[in-house]
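A.B. asks: This is the structure I want to talk about, given as structure tokens.
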């Protein structure tokens, strides 16, 4: 089993990981809506405050994802991706990180290639079996229901930074 202790870049699929996978459309405008869990937002804030990077990587494109990324200070967002590995590599080059320093969290078949490419991979609890099979770790929470927060806690505990993040969280108000 691979070790998660050297991970500094967290890459998240959106639909089914950061959300529960449900896609709805506003009746009048047909703009896509998604629901995000506040615990995931807090986890992302804690991760970033420790000097780590977050990237959202999705095959779909929705304004609500851009808005949520902006709220959380996520600078690296690739929506409408037709080649997740190429988009990941471009971001890693910008950040100055390697695939070995990267963790990808996925849930469906389109995530497998990236999960196999990075140094550590996590499947959300309700991921398809093929994704769970290639994952280094599986959350107990479903996508969109705190799985990202659980993944972040897992990574930070492995790196020994979770206690520090919690101590800092008690001092500084954070966006969720």
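The values are calculated or read from the model by the stated rules, or taken from the named source; none is laboratory data. Predicted model only: the values in this text are computed from it and were never measured. Using ideal geometry, Cβ is built from the backbone for each residue, glycine included, and neighbour counts are taken over all protein chains shown.
A.B. asks: In segment 38-56, how many are buried (at least 21 other Cβ atoms within 10 Å of the Cβ) and part of a loop (DSSP other than H, G, I, E, B)?
C.D. replies: The qualifying residues number 1.
A.B. asks: Now for a different question. Could you figure out which of (1) at pLDDT 95 or above; (2) in a helix (DSSP H, G or I); (3) surrounded by fewer than 19 Cβ atoms within 10 Å (Cβ to Cβ) isn't true of residue 69?
C.D. replies: Every condition holds for residue 69 apart from (3).
A.B. asks: The conditions are (1) over 17 Å from residue 16 (Cβ atoms); (2) free of Cβ contacts under 8 Å to residues at least 24 places away in the same chain; (3) touching a helix residue (DSSP H, G or I) at 6+ places or on another chain (Cβ under 7 Å), and residue 45 fails exactly one of them. Which is it?
C.D. replies: Result: residue 45 fails condition (2) only.
A.B. asks: Identify the residue in segment 94-112 that is touching a strand residue (DSSP E or B) at 6+ places or on another chain (Cβ under 6 Å) and assigned to a helix (DSSP H, G or I) and, among all such residues, is surrounded by the most Cβ atoms within 10 Å (Cβ to Cβ).
C.D. replies: Per the stated criteria, the residue is 101.
A.B. asks: Which of (1) closer than 18 Å to residue 44 by Cβ; (2) touching a strand residue (DSSP E or B) at 6+ places or on another chain (Cβ under 7 Å); (3) assigned to a loop (DSSP other than H, G, I, E, B) does residue 127 not meet, given it meets every other one?
C.D. replies: (1)
A.B. asks: Do you know which residues across segment 1-34 are over 20 Å from the mean Cα position of the chain (by Cα) and in a loop (DSSP other than H, G, I, E, B)?
C.D. replies: Across segment 1-34, the qualifying residues are 1, 26, 27, 28, 29, 30, 31.
A.B. asks: Examine segment 78-93 for a residue that is in a strand (DSSP E or B), in contact with a helix residue (DSSP H, G or I) (Cβ under 6 Å, 6 or more places away or on another chain) and farther than 14 Å from residue 149 by Cα, and state whether such a residue exists.
C.D. replies: Filtering segment 78-93 down to residues in a strand (DSSP E or B) leaves 78.
Adding the requirement that they be in contact with a helix residue (DSSP H, G or I) (Cβ under 6 Å, 6 or more places away or on another chain) leaves 78.
Add one more test, that the residue is farther than 14 Å from residue 149 by Cα, and what stays is 78.
Yes: one or more hits.
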